[in-house]
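The block underneath contains the structure these notes are about, expressed in structure tokens.
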Amino acid sequence: MHELSCPRWCDFSEQPSHSGLHIAHVGEIMLARNAAVFAVAVTAEAEAKRPYCVLTLAARQFSPYSRAVLSWEMAERLGGLLIDAKRRYA
């Protein structure tokens, strides 16, 4: 029996099936700190059809990382806070 197909936004939608979450990579910011390189990545992820915004902080050389799953309202608020910080301090 066939597994349900991926939503169109999933990066793996061209594959017949895949295990794990549906993921759409939005972008990342590389942060160089001393000798280590870190990345803040933004993805849309979901178990079902409706994705949530996910922020991931990861070290490029090591596997430990932290993830924050945000509602779209929380993501919009975070974006507004970042824009406000830029206006005030950049």
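Which of the residues spanning the range 1-51 are in a strand (DSSP E or B) and crowded, with 16+ Cβ neighbours inside 10 Å? Before you say what the answer is, go through the steps one by one.
The initial filter retains those residues of the range 1-51 that are in a strand (DSSP E or B), namely 22-33, 36-46.
The answer is 22, 23, 24, 38, 41, 42, 43, 44, 45, 46.
Does any residue of the range 59-73 turn out to be surrounded by 15 or more Cβ atoms within 10 Å (Cβ to Cβ), modelled with pLDDT of 85 or more and small (Gly, Ala, Ser)? Working first, answer last.
To start, the set of residues in the range 59-73 that are surrounded by 15 or more Cβ atoms within 10 Å (Cβ to Cβ) comprises 70.
Imposing the further condition that a residue be modelled with pLDDT of 85 or more reduces the set to 70.
With the extra rule that they be small (Gly, Ala, Ser), the set shrinks to none.
No: zero hits.
The values are calculated or read from the model by the stated rules, or taken from the named source; none is laboratory data. As the structure is a computational prediction, the values presented were derived from the model and not from experiment. Cβ atoms come from the backbone with ideal geometry, glycine included; neighbour counts cover every protein chain shown.
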